[in-house]
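Trainee: Okay, here's the structure, questions in a sec.
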Ligand SMILES: *Cc1c(COP(=O)(O)O)cnc(C)c1O
């Protein structure tokens with residue numbers, strides 16, 4: 001089946017809620033577009049997917065994912081170009097990643113055409129929901145979860161794959177203050193750090209709440225053995241500019257989520273001739289670079305924020321203050337470059353953009 005031939009049944013709403021969307025004041029996650037995609041997996045195969053009006057689900061209280069957490073998701077954005085046509089950024093990469101998460105969590109693989117054509121068709125039908133003003137987008141949330149009605153413990157056999165979308169306003173990336181976490185752990189080799197499993201988010205709520213009470217915005221997670229090597233900030237990948245090089249933790253251990261933004265950033269920097277090293281980064285190396293004046297920039301990357309600048313990093317009782325963001329060459333260039341590709345202002349030389 002090619003992407004264009006998958007049969008998706010469509011039942012359109014007769015009662016659009018688009019009038020409830022105030023384009024000048026979009027509150028992310030408060031309002032969802034008119035339609036959603038639903039596909040069931042049963043008896044070892046995917047049933048015909050449907051696009052239907054956005055509605056509540058009705059599930060048995062014994063539904064397995066509620067108890068045992070076999071649930072994964074993805075996050076993608078659609079942007080409107082100057083002619084008002086939606087573009088989706090790198091959906092195939094999210095599809096591949098969803099299937100890596102699915103395998104580790106014992107969920108079935110989602111066919112490419114279900115994922116990519118599902119997104120394309122859903123965005124096409126709800127194209128009025130993709131906002132047009134600067135820095136706005138339509139956030140696309142594909143997700144899958146186990147729906148056996150059975151509270152015994154075993155890998156499930158029935159699943160639901162869904163896609164919902166929600167308009168997102170301009171993301172105000174106020175530089176964040178980071179606490180280097182060396183008590184709680186996000187991920188360790190052999191675990192699920194590389195997946196977008198619901199549980200990775202569930203476990204992060206309490207440590208994040210704690211550091212927010214202390215006045216910090218996000219956690220810089222460190223490895224589970226020595227609390228020495230940095231992993232990610234909050235739910236973003238992390239980059240540091242050390243002298244004229246850019247460094248980011250490598251993916252070898254399986255503790256880090258392979259961000260699509262991370263990959264885009266590495267690709268764009270290398271094309272520009274900037275050295276990017278993917279390798280273990282010890283917190284002590286960052287502290288030393290800071291003392292030598294070599295820690296020039298630090299930022300998180302992810303679909304939601306694109307590039308999130310870091311203002312300060314606190315490790316034990318030392319706080320490393322980064323220079324004013326206006327002076328940052330790398331992060332500011334990346335932010336603009338990514339936006340130009342996403343909004344179709346710059347030629348898509350990598351085949352990253354899906355036109356709807
Ligand atoms: C989603 C996510 C990211 C960012 O991935 P993108 O594909 O760039 O949005 C980074 N880290 C974690 C833990 C994530 O869940």
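The values are calculated or read from the model by the stated rules, or taken from the named source; none is laboratory data. What you see is a predicted model, and the numbers here were worked out from it, not measured in a lab. Heads up, the Cβs are rebuilt from the backbone with ideal geometry, glycines too, and the neighbour counts pull from every protein chain shown.
Trainee: How many of the residues making up the range 295-316 are over 22 Å from residue 183 (Cβ atoms) and within 11 Å of the ligand (Cβ to nearest atom)?
Mentor: Residues meeting the conditions: 8.
Trainee: I need the full set of residues from the range 316-346 which are modelled with pLDDT of 95 or more and not in a helix (DSSP H, G or I), in order please.
Mentor: 319, 320, 321, 322, 328, 343, 344, 345, 346
Trainee: Looking only at the range 235-252, filter to residues that are touching a residue at least 24 places away in the same chain (Cβ under 8 Å) and over 23 Å from residue 294 (Cβ atoms); which one of those is nearest to the ligand (Cβ to nearest atom)?
Mentor: Within the range 235-252, the match that is nearest to the ligand (Cβ to nearest atom) is 235.
Trainee: Can you tell me which residues in the range 318-335 are within 18 Å of the chain's Cα centre (by Cα) and surrounded by fewer than 22 Cβ atoms within 10 Å (Cβ to Cβ)? Explain how you work it out, then say what you get.
Mentor: The first filter runs over the range 318-335 and keeps only residues within 18 Å of the chain's Cα centre (by Cα), leaving 334-335.
Correct list: 335 only.
Trainee: Additional query: Quick one: what pairs do we get from the range 58-77, first residue over 28 Å from residue 89 (Cβ atoms) and assigned by TED's automatic domain parsing to the domain that holds residue 157, second assigned to a helix (DSSP H, G or I) and within 16 Å of the ligand (Cβ to nearest atom), C-beta under 7 Å, 6+ apart or different chains?
Mentor: Listed by first residue and then by second, the contacts come to 69/198; 69/199.
Trainee: Between a residue in the range 253-267 that is outside the structural domain of residue 73 (by TED's automatic domain parsing) and any residue that is more than 7 Å from the ligand (Cβ to nearest atom) and outside any loop (DSSP other than H, G, I, E, B), which pairs come within a Cβ distance under 6 Å, given they are 6 or more apart or on different chains?
Mentor: Going by the 6 Å Cβ cut-off, the qualifying pairs are 255/231; 256/231; 260/93; 265/334; 266/276.
Trainee: Further question on the same structure: Of (1) part of a strand (DSSP E or B); (2) touching a helix residue (DSSP H, G or I) at 6+ places or on another chain (Cβ under 8 Å), residue 164 satisfies all except one. Which?
Mentor: (2)
Trainee: Let me ask you something else. Spot the failing condition for residue 315; the list is (1) in contact with a helix residue (DSSP H, G or I) (Cβ under 7 Å, 6 or more places away or on another chain); (2) surrounded by 22 or more Cβ atoms within 10 Å (Cβ to Cβ), and only one is missed.
Mentor: (2)
Trainee: Just one of the numbered conditions (1) more than 14 Å from the ligand (Cβ to nearest atom); (2) surrounded by 23 or more Cβ atoms within 10 Å (Cβ to Cβ) is not true of residue 128; which one?
Mentor: For residue 128, the failing item is (2).
Trainee: State all residues of the range 279-292 that are out of contact with any strand residue (DSSP E or B) (no Cβ under 6 Å at 6 or more places or on another chain) and within 16 Å of the ligand (Cβ to nearest atom); if no residue qualifies, say none.
Mentor: none
Trainee: Return the total of residues in the range 176-190 being surrounded by 18 or more Cβ atoms within 10 Å (Cβ to Cβ) and outside any strand (DSSP E or B).
Mentor: The number of residues fulfilling the criteria is 3.
Trainee: Does the range 317-325 contain at least one residue that is in contact with a strand residue (DSSP E or B) (Cβ under 8 Å, 6 or more places away or on another chain) and more than 16 Å from residue 175 (Cβ to Cβ)?
Mentor: Looking for residues that are in contact with a strand residue (DSSP E or B) (Cβ under 8 Å, 6 or more places away or on another chain) and more than 16 Å from residue 175 (Cβ to Cβ), one finds none in the range 317-325, hence no.
Trainee: Inside the range 199-234, can you point out the residues that are within 15 Å of the ligand (Cβ to nearest atom), at pLDDT 95 or above and not in a helix (DSSP H, G or I)?
Mentor: Passing the criteria: 203, 204, 218, 219, 220, 221, 222, 223, 230, 231, 232, 233.
Trainee: Shifting gears a bit: Would you point out which residue out of 99, 94 is within 16 Å of the ligand (Cβ to nearest atom), surrounded by fewer than 21 Cβ atoms within 10 Å (Cβ to Cβ) and either closer than 24 Å to residue 158 by Cβ or touching a residue at least 12 places away in the same chain (Cβ under 8 Å) (or both)?
Mentor: Only one candidate passes the filter, namely 99.
Trainee: Would the range 262-277 turn up any residue that is away from the ligand (no atom under 16 Å from the Cβ) and surrounded by 16 or more Cβ atoms within 10 Å (Cβ to Cβ)? It would help to see each step written out before you state the result.
Mentor: Step one: of the range 262-277, the residues away from the ligand (no atom under 16 Å from the Cβ) are 270-275, 277.
Subset that is surrounded by 16 or more Cβ atoms within 10 Å (Cβ to Cβ): 274.
For the range 262-277, residues away from the ligand (no atom under 16 Å from the Cβ) and surrounded by 16 or more Cβ atoms within 10 Å (Cβ to Cβ): present.
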